[in-house]
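Some notes on the structure that comes next.
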Amino acid sequence: MEILNPNAFWFLLALPLLALFHLLAPMQRTYRVSSLHLWREFPASGDRRFRWRRFYTHPHFLLQAMAVLLLTAALADPVLTVAGDPSVRSVLIFDTSAGMKTVEREGVRIDLARREALKILERWKEGEIVVLSAGAVPRVLFSGDLRDREDAARKIRELRAGDGPGRILSAVQNGVAWRRGGGEVVLLTDGASPETLRILRDHPEVVVIPVGRTDRNVAITALEFREHPPAVVALLRNTGGSESSLRVEAFRGKKFFGEKNLLLSPGETVPVTFQLPPDSEGGRDPTAEGGEAGVIEVRLQGEDAFSADNRAWVIEPRRERATLLLVTPGNPLLERGLKANPSWEVTVMTAENYERISGIRDSFDVVILDRYPLTSLGSSDHGGRGGVFFLAPPGRTAASSPDGKAIRITDWNGEHPVMRFVEPASLRVRRTTVLTPPLWAEILLEGDYPLIYGEESPRGRTLVMGFEPSDSDFPEGPSFPIFLLNAVRWLQERDRGDQIHAGAVYWRRALPGEKSEEYEVINPDGTAERAAPSKGIFRYGNTERAGVYRVSEIPEGGEMWRFAVNVPPEESVIGPLPFPGKVPAERGRGFEGKSGEEIALWSFAAVLALGAILAEWGLRRKGTKARAPGL
């Protein structure tokens with residue numbers, strides 16, 4: 001048995017006080033007499049001399065003392081270890097996030113973690129062991145008896161870090177649940193993840209072994225393709241604590257087309273733009289006329305400790321004309337704005353023709369419905385290859401006040417792709433339909449009422465704007481053509497750019513004409529894996545390696561599209577957090593803990609103490625009734 005709170009025994013001092021009160025209490029005795037006539041001669045004051053009460057084991061005193069003893073025992077929190085399963089199980093958890101690829105003076109962090117793990121494995125003599133990798137998806141690498149020590153050591157030596165985040169908190173929670181007997185849970189990490197602090201706070205039984213010290217790194221935290229004019233923009237950040245000089249290089253396919261030299265201060269973030277050169281064959285773009293999309297890569301050349309984020313990729317979209325269908329009763333202003341973009345092919349028709357021609361929406365990338373009834377399904381009913389854009393759908397309207405004040409703008413989401421580089425602060429809206437966005441929609445522009453919102457589903461995207469451009473001064477400013485360009489790109493789902501972060505799930509909606517039941521995905525290391533779409537959606541989640549993934553159709557085998565996977569920007573912060581991660585001297589020595597199950601006894605003592613108090617109360621109540629005079 002183990003006492004977790006020995007300070008509670010100070011409450012035993014209440015026993016002498018209880019005995020003292022018992023001795024000082026006046027003695028009361030009950031006598032039965034035939035008459036009170038002789039008692040009249042007794043002095044009224046009685047005998048007031050002080051006398052110590054003779055101590056004897058009165059039932060009230062015994063029950064009160066028993067209650068004090070049991071309450072003290074409950075506060076002491078005793079724990080009884082009973083014999084249980086004699087076997088023990090320990091868990092080794094490896095942080096395999098991208099930061100574990102950082103190079104320290106002693107070696108790569110993941111190599112340092114493997115060395116520490118092999119030392120611990122040698123000290124453990126008996127029992128079971130589970131080896132977990134805490135990458136983007138925690139995995140069990142080995143589970144078995146320590147008699148198979150060599151198999152566990154081989155799995156540890158084969159362990160590699162990925163390019164995605166590390167879910168170390170989830171892995172630790174699983175490890176704590178799997179631990180048994182006197183086994184340990186040991187986490188080997190670089191200490192850069194904020195989840196490490198939560199593990200130290202919520203799981204003090206876990207041994208955390210840090211293997212990282214340096215913070216020297218310059219990273220490509222974002223890479224974006226821009227169409228007008230064709231260019232790529234790389235966002236560079238110095239996440240370290242010292243100044244760093246570097247060279248940035250840009251490649252189109254394998255062809256070098258630009259470089260820049262930079263000097264970044266600690267914590268500085270700068271954008272770097274590379275204009276794409278025309279094709280060598282008379283300026284013709286190789287991705288035009290439905291050709292395959294190209295790959296653009298940006299590389300950093302410099303000295304830092306973490307090289308995984310020194311490369312980033314983006315897929316160059318096909319430069320083909322987008323087909324837009326404008327369904328309107330007549331809107332010259334909007335029609336001119338759409339036709340002003342030479343990369344859009346705009347078709348205009350009335351709502352009657354739109355409803356009469358079956359399947360026409362599958363022939364267009366984006367459908368724009370001007371003053372057309374808004375349905376609850378949105379793009380599920382009206383979307384074509386891209387999405388649907390509702391303008392001023394019929395409904396209850398709100399106009400500017402009689403004194404001429406327009407509907408005021410209160411908030412907007414500048415981070416959304418539709419509102420990027422759009423400045424609506426001075427926008428004046430004179431009339432709008434009062435929109436009621438669904439709960440899952442994202443409000444992009446808000447005034448006295450929601451003015452613009454977007455919603456996204458596996459079947460496509462929907463954008464709803466409550467007012468006509470002519471009912472505002474939107475077309476008078478430079479933001480209107482930018483808004484139209486952003487909206488069409490977003491409805492075509494071109495804002496995703498076939499680009500995700502490592503560890504995320506890539507998904508793509510099947511386009512009209514794509515009916516393959518299985519695809520082959522070729523990873524950056526050349527390995528192939530098959531994936532099948534479900535309900536018209538292609539999903540692929542094995543993306544822990546950064547690079548370009550190629551997808552081909554089975555059985556035809558021709559490459560259909562590509563997508564790029566880059567290192568998440570949060571993994572570029574490689575400096576360990578300030579936490580007490582030193583391994584205690586008594587830990588990590590093997591299975592020296594107690595085997596069996598621990599049972600807390602405080603609840604039993606508390607219940608017995610309550611029973612003693614109730615018994616003493618019942619006894620006192622019974623005595624009071626016995627002394628009461630009869631009728």
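The values are calculated or read from the model by the stated rules, or taken from the named source; none is laboratory data. Just so it is clear, the structure is predicted and the values come from calculations on it, not from any experiment. Positions of Cβ are backbone-derived with ideal geometry, glycine not excepted, and every protein chain shown enters the neighbour counts. To get the accessible areas, we keep the full protein, side chains included, count just its heavy atoms, and leave off ligands, DNA and RNA. Shrake-Rupley method; radii C 1.70, N 1.55, O 1.52, S 1.80 Å.
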Can you tell me which residue in segment 149-163 is nearest to the chain's Cα centre (by Cα), limited to those that are open to solvent by 60 Å² or more (accessible area, probe 1.4 Å) and closer than 17 Å to residue 110 by Cβ?
160
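Residues checked against (1) acidic (Asp, Glu); (2) at pLDDT below 95; (3) part of a strand (DSSP E or B); (4) on the phi < 0 side of the Ramachandran plot:
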{"residue": "411", "(1), (2), (3), (4)": "yes, yes, yes, yes"}
{"residue": "414", "(1), (2), (3), (4)": "no, yes, no, yes"}
{"residue": "423", "(1), (2), (3), (4)": "yes, yes, no, yes"}
{"residue": "427", "(1), (2), (3), (4)": "no, yes, no, yes"}
{"residue": "432", "(1), (2), (3), (4)": "no, yes, yes, yes"}
{"residue": "436", "(1), (2), (3), (4)": "no, yes, no, yes"}
{"residue": "440", "(1), (2), (3), (4)": "no, yes, no, yes"}
{"residue": "446", "(1), (2), (3), (4)": "yes, yes, yes, yes"}
Of those in segment 458-477 that are among the charged types (D, E, K, R) and in a loop (DSSP other than H, G, I, E, B), the residue modelled with the highest pLDDT is 468
Out of the residues in segment 134-148 meeting the condition of being open to solvent by 10 Å² or more (accessible area, probe 1.4 Å) and either in a strand (DSSP E or B) or at pLDDT 95 or above (or both), tell me which one is farthest from residue 503 (Cα to Cα).
145
Log entry, pairs with first residue in segment 380-403 being more than 30 Å from residue 359 (Cα to Cα) and among the charged types (D, E, K, R), second being at pLDDT 65 or above and assigned to a strand (DSSP E or B), beta carbons closer than 8 Å, six or more apart or on different chains, reads 396/433
Name the single residue, out of those in segment 528-544 being touching a residue at least 24 places away in the same chain (Cβ under 8 Å) and out of contact with any strand residue (DSSP E or B) (no Cβ under 7 Å at 6 or more places or on another chain), that is surrounded by the fewest Cβ atoms within 10 Å (Cβ to Cβ).
535
Of all residues in segment 229-284, which are modelled with pLDDT of 90 or more and basic (Lys, Arg)?
237, 247, 252, 255, 260
All positions within segment 110-126 that are surrounded by 15 or more Cβ atoms within 10 Å (Cβ to Cβ) and touching a Lys or Arg at 6+ places or on another chain (Cβ under 7 Å):
110, 114, 121
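How about segment 224-250: which of its residues are among the polar types (S, T, N, Q) and either surrounded by fewer than 21 Cβ atoms within 10 Å (Cβ to Cβ) or touching a residue at least 40 places away in the same chain (Cβ under 8 Å) (or both)? First the steps, then the outcome.
Taking segment 224-250 as the starting set, the residues that turn out to be among the polar types (S, T, N, Q) are 238-239, 242, 244-245.
Matches in segment 224-250: 239, 242, 244, 245.
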Hey, residue 315 within 32 Å of the chain's Cα centre (by Cα) and closer than 30 Å to residue 388 by Cβ or not
yes
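Please go through segment 285-306 and give me each residue that is modelled with pLDDT of 50 or more, assigned to a loop (DSSP other than H, G, I, E, B) and open to solvent by less than 80 Å² (accessible area, probe 1.4 Å), ordered by number.
Of the residues in segment 285-306, the ones modelled with pLDDT of 50 or more are 293-306.
Checking which are assigned to a loop (DSSP other than H, G, I, E, B) leaves us with 293-294, 303-306.
Correct list: 293, 294, 304, 305, 306.
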Single condition residue 519 does not satisfy, out of (1) open to solvent by less than 20 Å² (accessible area, probe 1.4 Å); (2) at pLDDT below 80; (3) not aliphatic (A, V, I, L, M):
(2)
Identify all residues within segment 66-81 that are open to solvent by 40 Å² or more (accessible area, probe 1.4 Å) and part of a strand (DSSP E or B); write none if there are none.
80, 81
Would you confirm, using the coordinates I've provided, whether residue 557 is modelled with pLDDT under 85 and surrounded by fewer than 16 Cβ atoms within 10 Å (Cβ to Cβ)?
yes
Pick out the one residue from 196, 269, 189, 221 that is open to solvent by less than 50 Å² (accessible area, probe 1.4 Å) and within 26 Å of residue 421 (Cα to Cα).
221
